[in-house]
Each structure stands twice: as structure tokens, then as C-alpha cells.
1. Run the simple label-point estimate for Glu59 and Asn207 please: 7 Å along Cα→C-beta, distance reported in nm.
2. From Cα pairs below 8 angstrom and at least 6 apart in sequence, can you work out the relative contact order of the stretch 146-239, rounded to a whole percent?
3. Sorting Phe93, Phe175 by accessible area (1.4 Å probe), largest first, what list results?
4. Where does each of Asp55, Asp14, Asp210 land when they are ordered by accessible area, with a 1.4 Å probe and the largest first?
5. Cα atoms only: what Rg and Dmax, in Å, come out for the chain?
6. Pick out, in residue order, every one of the trypsin sites (Lys or Arg not before Pro) in the stretch 159-248 that is DSSP loop and has at most 13 other C-beta atoms within 10 Å; say none if there are none.
7. So what is the relative contact order of the chain, in percent, for Cα pairs below 8 Å that sit 6 or more residues apart?
8. Mind telling me which of Lys146, Lys73, Lys113 comes out most flexible in a GNM of the chain, alpha-carbon contacts under 10 Å?
Amino acid sequence: MKRARVSFGGLIQDAIEVDGKVKLNDGRMVEEADVVWLPPVKPQTVFTLGLNYADHAAELSFDAPKEPLVFLKGPNTFIGHRGHTVRPSDVTFMHYECELAVVIGKTGKNIKKEDAYDYVSGYTIANDYAIRDYLENYYRPNLRVKNRDTCTPIGPWFVDKEDIADPMNLTLRTFINGEIKQEGTTADMVFGIPELIEYLSSFMTLNENDLILTGTPKGSVDTKVGDEVITEVEGIGKLVNTIVGEND
């Protein structure tokens with residue numbers, strides 16, 4: 001099932017997808033454009049993978065990491081489907097990153113990779129914009145690269161894990177103004193979902209609604225003010241986002 005959180009008529013409601021429309025929890029059927037989309041889950045701890053696709057690492061002139069390269073994101077970064085992302089006026093290269101986001105469903109520690117999917121509740125899409133002007137080095141310590149307000153659209157749907165037969169074999173695509181710019185597959189991750197869950201839970205507790213943003217394949221292109229960016233993950237949906245300027 002595809003689930004969402006939306007605002008309609010001044011109220012925040014849970015919703016589901018029915019025949020291409022949005023069914024609110026009060027039973028009303030509305031069009032996608034009639035609601036304000038919120039992140040489909042309320043993120044708790046958010047882990048983001050750097051260079052988790054070898055082709056993307058090569059694109060940036062880095063070697064693929066020998067162990068997961070992980071950093072954290074704050075809640076200020078997240079916005080919903082059809083939201084606006086602010087491009088700072090002083091940057092020269094700000095690109096999208098289409099990512100499969102894994103939603104943790106229950107508390108766990110020291111999880112073995114063979115059991116990892118038992119701790120997953122479902123999946124959504126994240127577009128984790130990066131501002132390359134601010135990148136200092138391989139270890140990505142610079143908060144300004146990845147923790148800007150509005151720079152991580154997420155959604156529109158949360159999809160139950162039972163509805164995704166193989167999350168490690170999904171096509172990812174990004175379109176700018178209708179033109180395809182990025183295409184890859186989750187099969188090319190350096191560290192797969194089970195390995196990531198085992199790694200993270202080996203030194204810290206994972207909790208319900210923690211998110212793992214699993215990285216992006218090659219195809220990073222600069223975005224400009226006014227661009228409509230659509231990130232798509234097979235079986236989950238299309239996440240629409242528009243780039244705006246600081247004064248918009």
C-alpha cells in the first residue's frame with residue numbers, strides 16, 4: 001500500500017493512493033494537486049550514505065569507500081512532494097541525488113544482515129541535494145553541503161516493504177524539466193540494505209522511523225532556479241520538486 005501524510009483544509013491527515021487519487025483518512029477522495037504534501041513519515045535519526053554507488057564515486061574522482069561512509073541529517077532539511085528547494089545565490093554547482101530511502105520499523109541493535117529486512121517497515125524516495133561549492137574533502141564534514149533548509153525533498157509515498165519484491169533491484173531516474181538526466185539501479189550499491197543495517201546497528205540502536213538514505217548513482221547535473229526536478233524510484237513513485245531563489 002502507498003501511504004502519505006498531507007494537509008488538506010487546514011488539517012494534517014494520513015492518506016493512501018487509490019486509482020491515482022489521494023484518499024484521505026476521513027474518506028474523501030481528492031486530486032494530488034489539492035493537498036499540501038508532507039514527508040510521509042516523521043523522520044527520527046537520518047543516516048545518509050556518501051559514495052555508495054561506485055559509478056558516482058568515480059564521477060566525483062573518488063574511490064568507492066571500504067566501509068560505509070555515513071553522515072547525519074537534521075529535520076530542518078526535509079520537505080514534501082511538490083515543495084520548493086532554495087538554491088543559495090552564491091553557489092555554482094548544486095545537484096540532485098535520487099535515493100531509495102529505507103524506513104526502519106522497530107527497535108534493534110546488533111542486527112545480522114540475514115535478519116535486516118525484519119526491521120524494515122517500508123521505503124520512500126529522497127532527493128538529497130548537494131552543494132558542491134561547500135564540499136571540503138572525502139569525509140564530508142561540512143554541514144553546509146548536506147544540511148541546508150529545504151534541501152531534502154522526501155515522498156510522496158511510503159510504500160510497505162511487502163509491496164517491494166526486491167529493493168536491491170530497483171531503477172532510479174531523475175528528470176530536469178522533463179528531460180532524463182540520471183538513471184541507475186539499486187543493484188549497483190557498494191553496500192546493500194542488509195549490510196548497512198548490520199553496520200549501523202553494530203554500534204548504535206536503530207529505532208522506528210529512522211531513515212537510511214542509501215546513496216545515488218552517477219549522473220549529477222547542476223540545477224538552476226526555476227527547474228522542475230523529478231526523482232523516480234521504481235515501484236514507489238515520482239517525487240516532484242522545484243528550485244527557487246533565496247528571494248522567491
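The values are calculated or read from the model by the stated rules, or taken from the named source; none is laboratory data. All values derive from a computational prediction rather than experimental measurement. Every residue, glycine as well, gets a Cβ built from its backbone with ideal geometry; the counts of neighbours run over all protein chains shown. What goes into the accessible areas is simple: the full protein's heavy atoms, side chains included, and nothing from ligands, DNA or RNA. Shrake-Rupley method; radii C 1.70, N 1.55, O 1.52, S 1.80 Å.
1. Inter-label distance under the simple model: 3.4 nm.
2. On the way: 95 pairs, mean separation 37.1, N = 94.
It rounds to 39 percent for the stretch 146-239.
3. Values: Phe93 70, Phe175 45 Å².
Per-residue accessible area, sorted high to low, gives Phe93, Phe175.
4. On the way: Asp55 50, Asp14 90, Asp210 5 Å².
Order by accessible area, largest first: Asp14, Asp55, Asp210.
5. Over the chain's Cα set, Rg and Dmax evaluate to 17.2, 51 Å.
6. Details: sites: Lys161, Arg173, Lys181, Lys218, Lys224, Lys238; in loops: Lys218, Lys224.
Passing both the DSSP loop test and the Cβ count: Lys224.
7. On the way: 636 pairs, mean separation 68.9, N = 248.
It comes to 28 percent, rounded to a whole number.
8. Lys113
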